[in-house]
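A quick write-up on the structure given underneath.
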Amino acid sequence: MHKTKPYLQVLLALAVLFCTDTAFAQDEQSCDNSLIADALGQKLEIEIPDSGRYGGELLDLVCKAHPLFPTQTIAALFFDVKDGKGNYRDDGKGFVIALIDTKKRTAISVYRDFVEHDSPQGIVDRRIDQYSLSLDTGKYDVAPGVRAIGVRMAIGHSPCAGDSGSSDFLTLFVRRDRRLVPILREQAMSAFERRDVVTTCNGGQNDLTLLEAKASLQLAKTQTNGMRDIELWVKIQMDATSTIKSYAEADIAKREKLHRRAVLRFDGTRYASVFDLITSED
């Protein structure tokens, strides 16, 4: 009798991450929308709804108290952007992360960008949607007195029959006066890869090797150019199946857990991200 549950659970997890609207599971990270409207609404020329994460031109909004400064709130948002003719752009969304003084109700430091639907590498498809953002306030003390702030974008999208995909892109920011500056950009923290099969969402007829990677960051004791090195730890689970009639009837013939470590070093401007979490074996 086939043991179907473990493999089915892996596929369901991938389906949620890459085949449907993405949602990064963390705390609620709700906002005082009136505070965000006072601090950013006029600056961004968008209307912030009275409540909720989205509405109108606002696509997603998350907030979190600064872990070191109680009177500061971190806010991140996706929103619709108009071109020079006043039409909404369909090739991406506006993105802002800001530190907000909750007493003065003003923005202290701001970073603004435009995030395209397709990645700069032209490989990873993206879907910017509601519930795409999450703030990461881990202890990223990259230098004495310097705490980096993280934003995760769960915007990676791959067709259900895709060969590979990445998501949960993490960017770390540090404050420099009135600006927030990215020092690590869009490091993928999750990925998957299918090998040895061409299949569809309803299953295939050939052997399949499925690799799923989850990454985490850890600050190293060493440093480069005045900033601590960052260790990227990747856990890769590889499931090899045989004679797939459908995903529900898959039989796990082999399961392995692999580990990979990379050291990210500061070059004076930023840390270089690792694009491919899963190394190919030749």
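Throughout, read-outs are computed from the coordinates displayed, never taken from laboratory work. Predicted model, so just to flag it, every value in this text is computed and none were measured. Reconstructed Cβ throughout: ideal geometry from the backbone, glycine too, with neighbour counts over all protein chains shown.
The figures follow:
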{"item": "Cut-off under 5 Å, modelled amide H: who pairs with His66 long-range", "result": "Gln72, Thr73, Ile74"}
{"item": "Computed label-point distance, nm, for sites Thr102 and Gln223 using a 7 Å Cα→Cβ extension", "result": "3.1 nm"}
{"item": "Peptides ranked, highest mean first, by Cβ atoms within 10 Å: ranges 168-177, 258-267, 76-85, 93-102", "result": "93-102, 168-177, 76-85, 258-267"}
{"item": "Where labels lie 7 Å past Cα in the beta-carbon direction, separation of Arg127 and Ala272 in nm", "result": "3.3 nm"}
{"item": "25 Å Cα-Cα threshold exceeded, pairs from Lys64/Lys85; Lys43/Lys93; Lys82/Lys214", "result": "Lys64/Lys85; Lys82/Lys214"}
